[in-house]
Amino acid sequence: MFGNLGNLGNLMKQFSEIKSNMQKMKQELADTVITGKDPGEKVVIEMSGDLKVKAVHVDPSVMNSGSNAVAEACVAAALESALDQFRQITDCLLG
C-alpha cells in the first residue's frame, strides 16, 4: 500500500537534484563570456552566456567607410558569430 509513496519520494528527490543542477548550469552559462567577430574583425560583440550584450567594439574604419551597408554587414556577422558560439555551448551542455 505504501510502496508507491516510496517511489514518489524518490522522484521528488531526483526532481530536486535536477532542478539544482539546472540552476548551476544556468549560472555557469550566465558567467560565460562569448565573443563574436566579423570575418575582418572590425566589429567585436561581447555577450554573456545568457545573451546579454556586454560590449560592442567597432573599428573606426567601419564608421568612416561612408557605407551603412558595410557597417550593418559587419555587425550582423559579429552577432551571428556570437550566436553560433552560444549554440555550440548550449548543445554541449544539453548533450
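The values are calculated or read from the model by the stated rules, or taken from the named source; none is laboratory data. Everything numeric in this text was worked out from a predicted model, so none of it was measured. Positions of Cβ are generated from backbone atoms using ideal geometry, with glycine treated the same way; all protein chains shown enter the neighbour counts. Side chains included, ligands, DNA and RNA excluded: accessible areas come from the protein's heavy atoms. Shrake-Rupley method; radii C 1.70, N 1.55, O 1.52, S 1.80 Å.
Going residue by residue through the range 54-65, is there one that turns out to be open to solvent by 60 Å² or more (accessible area, probe 1.4 Å), assigned to a helix (DSSP H, G or I) and without any contact (Cβ under 8 Å) to a residue 40 or more places away in the chain? Yes, that holds for at least one residue. Among the criteria (1) open to solvent by less than 90 Å² (accessible area, probe 1.4 Å); (2) assigned to a helix (DSSP H, G or I), the one K13 does not fulfil is (1). For the range 75-84, the count of residues that are of a type outside the set (F, W, Y) and touching a helix residue (DSSP H, G or I) at 6+ places or on another chain (Cβ under 9 Å) is nonzero.
Condition check for N21 on (1) part of a strand (DSSP E or B); (2) closer than 18 Å to C92 by Cβ: one failure, at (1). Got at least one residue in the range 31-40 being open to solvent by 70 Å² or more (accessible area, probe 1.4 Å), in contact (Cβ under 8 Å) with a residue 12 or more places away in the chain and assigned to a helix (DSSP H, G or I)? Yes, there is a match, as at least one residue in the range 31-40 is open to solvent by 70 Å² or more (accessible area, probe 1.4 Å), in contact (Cβ under 8 Å) with a residue 12 or more places away in the chain and assigned to a helix (DSSP H, G or I).
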